[in-house]
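The values are calculated or read from the model by the stated rules, or taken from the named source; none is laboratory data. These numbers were taken from a predicted model, which means no experiment stands behind them. Cβ atoms come from the backbone with ideal geometry, glycine included; neighbour counts cover every protein chain shown. Please note that ligands, DNA and RNA were not included when accessible areas were found on the heavy atoms of the full protein model with its side chains. Shrake-Rupley method; radii C 1.70, N 1.55, O 1.52, S 1.80 Å.
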Amino acid sequence: MKPVPSVPNRVSRRRLLAAGGALALGPLLAACGDGTDDGDGSARSAGNGAGGAGPWSFKDDRGRTARTDSEPKTLVAFVSTAAALHDYGIECKGVFGPTEPIDGKPNPQAGDMDVSKLTSLGTAWGQFNVEKYAALKPDLLISNMFPAPDLWYVPEESRKKIEAVAPSVGISIARTSLLDPLRRTAELAESLGADLNAKKVTDAKARFDKASETLREAAEGSGGLKVMAMTGDADQMYVAVPDSYSDLNYFKDLGVEFVEGKKSDEWGFWEFLSWENANRHHADLIMIDNRSTALPPKDLSKKPTWRQLPAVEAGQTTPWSMEERFSYAGFAPVIEQLAAAVKKSKRLDT
């Protein structure tokens, strides 16, 4: 059965949780992080980031410290993570995760990257070509964690072989505020040589802050507008549990009132609803998962119960960038889009 991104019970692994992700290379195992927690949880770079020539290290959100003899140069990352690093001027050589165009347009998870110039190790959940990965001779593997400690889209069955090739870094993006993975990704980028004082970076942060204030003002003036974030497949609609997602968590902090999906399983990311029960919750505005793995609006419209939802009838829907890249440049337009949708929408009769 094809997994629905972010819906864990769809596949046999301990993580496809919020839905969507073979060689014996023993000699390289020594290059991996030691897996120990050495203190304060902060980013560390013995090379001082920004071009440091000495040994490099970074303590990730698993409490593991990745170490290399010099600043890592050949990077491989989950596509959204690679796109976030790209915004800081840090380039990856290989990526894994969805990169295919959607309706002829670049995949939103790829951000501003030209994925045609990158080596793809696989685009679907469970696809990770270990041989191709090893051939890149990577210095570092990077991914988000949804939730920790598993690296998103790194198959559990191949994990040991993958970890034997190079050290890895995981950034936690679940059950926390958006501000945390944004900060941690910036810290990682800086350790890899990014200049966080570059005008492009500071301009993106200023735009993010302005967008956040605009959303706060829109939420305050919405009169209690109820927003629902969802995804869907052929059989079910999934209503998000807002506190489990860092972006929705942050939007709540800014005053957006969300429909609170009821946890349907141990992972607690979704409430699972049959399409016959799609109207269980009232929403004035619906955020629709925009990933290539989710049912797109044109297919959702084939579901009668979807078409009958008040927000859908009123045209009050907006895309939900559920796996947006965790950079200020990536999230500023996302927040601007949501603010505009909140301002445009009105409360509907229940």
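In table form, for the structure just shown:
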quantity: Global form of the stretch 81-158, assessed from the alpha-carbon gyration tensor, a/c cut-off 1.5; calculated: rounded
quantity: Three-way shape label, the stretch 301-350, alpha-carbon gyration tensor, a/c 1.5; calculated: oblate
quantity: Pairs from Lys210/Lys346; Lys117/Lys298; Lys262/Lys302 whose Cα-Cα separation, in the structure shown, is over 28 Å; calculated: Lys117/Lys298
quantity: For the stretch 223-350, accessible area per residue (1.4 Å probe, heavy atoms of protein chains only), Å²; calculated: 41
quantity: Charge dipole (debye, nearest 20) of the stretch 250-305; +1 at Cβ of Lys and Arg, -1 at Cβ of Asp and Glu; calculated: 240
quantity: With DNA, RNA and ligands ignored, accessible area of Leu118 (1.4 Å probe; Å², nearest 10); calculated: 40
quantity: Label-to-label distance, nm, for residues given as Glu220 and Lys105 (7 Å Cα→Cβ offset); calculated: 3.2
quantity: Carbon/sulfur fraction of accessible area - the stretch 224-350, other protein chains in place, 1.4 Å, %; calculated: 45
quantity: Per-pair calculated FRET efficiency, R0 = 25 Å: Gln127 and Ala340 via Cβ, rounded to 0.05; calculated: 0.10
quantity: Inter-label distance, nm, simple model (7 Å from Cα along the C-beta direction), Asp112/Glu266; calculated: 4.2
quantity: Spatially proximal aspartates and glutamates relative to Lys105 (Cα-Cα < 17 Å; intrachain offsets below 8 disregarded); calculated: Asp114, Asp289, Glu323, Glu324
quantity: Extension gain from Asp69 to Ala206, taking 0.36 nm per residue of separation minus the Cα-Cα distance; calculated: 45.8 nm
quantity: Residues with amide H under 5 Å from that of Thr317, placed H, sequence gap 5 or more; calculated: Ile286
quantity: Förster radius 56 Å - calculated FRET efficiency between Gln308 and Asp195, Cβ distance, rounded to 0.05; calculated: 0.60
quantity: Prolate/oblate/rounded call for the stretch 241-350, Cα gyration tensor, a/c under 1.5 rounded; calculated: rounded
quantity: Candidate residues Val79, Val334: accessible-area rank, largest first, probe 1.4 Å; calculated: Val334, Val79
quantity: Length gained when the stretch His282-Glu157 is fully extended (0.36 nm per residue, less Cα-Cα span); calculated: 40.9 nm
quantity: Per-residue SASA entry for Lys226, accessible area with 1.4 Å probe, Å² rounded to 10; calculated: 70
